[in-house]
Amino acid sequence: MKKLFLFVSLLLITHLSSAQKTWFVGGSASIGYVDNFTFTFEPQFGYEFTDWFALGAGIGFTLVSNDYTVILGVAEPYVRFCPWHNDLIFIDLKVTGGFGFDNYLEFCQIGIKPGLRFRINEHWDISADIGLFGTQYTYTGGWRPAFGISASSACLWVAYRF
């Protein structure tokens, strides 16, 4: 078992070291209304090892408005896998764990976000995340499953690759 693990690890390291690696920066914004109005702005940055695999994070804020307005800090690290692509279109799966906080933890989510990414040219991508399949925690509602597409789980983002 140790030899198999070592072999697979060396194979993965060799593949990733020979691939063209690149940094990317970008951002996303989303607007939604479920129980209240939400607006999220989240600059993102990361490292793309290959067209198939990337690590990244978004750090920003969410404005929640109902009877009163709350501004939350938001952080969302992710690992992005691309099970299929051609030269222009990429189908992505982001394994993510995000959270929002003000004086205490307001919400948390863990799951997979499917997405569709378009490569505009050598440096620019535009992408849409279209749902969350996992679980979510809210301060008022506790933990609950999150399967499907809602206004609060969809977002559009743009990235520039160096």
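A few remarks follow.
- In the range 91-103, the qualifying residues are those that are at pLDDT 90 or above and among the hydrophobic types (A, V, I, L, M, F, W, C), and the one that is farthest from Arg117 (Cα to Cα) is Val95.
Residue-by-condition table, conditions (1) closer than 23 Å to Leu132 by Cα; (2) at pLDDT 95 or above; (3) surrounded by fewer than 17 Cβ atoms within 10 Å (Cβ to Cβ); (4) of a type in the set (Val, Ile, Thr):
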| position | (1), (2), (3), (4) |
| --- | --- |
| Ala29 | yes, no, yes, no |
| Thr40 | yes, no, no, yes |
| Gly58 | yes, no, no, no |
| Pro114 | yes, no, yes, no |
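- Count of residues meeting criterion [at pLDDT 90 or above and either aromatic (Phe, Trp, Tyr) or part of a loop (DSSP other than H, G, I, E, B) (or both)] in the range 63-90: 6
- Checking Ala151, Ala146 one by one, the residue that is at pLDDT below 90, among the small types (Gly, Ala, Ser) and under 13 Å from Ser30 (Cβ atoms) is Ala151 and no other.
The values are calculated or read from the model by the stated rules, or taken from the named source; none is laboratory data. Predicted model only: the values in this text are computed from it and were never measured. Reconstructed Cβ throughout: ideal geometry from the backbone, glycine too, with neighbour counts over all protein chains shown.
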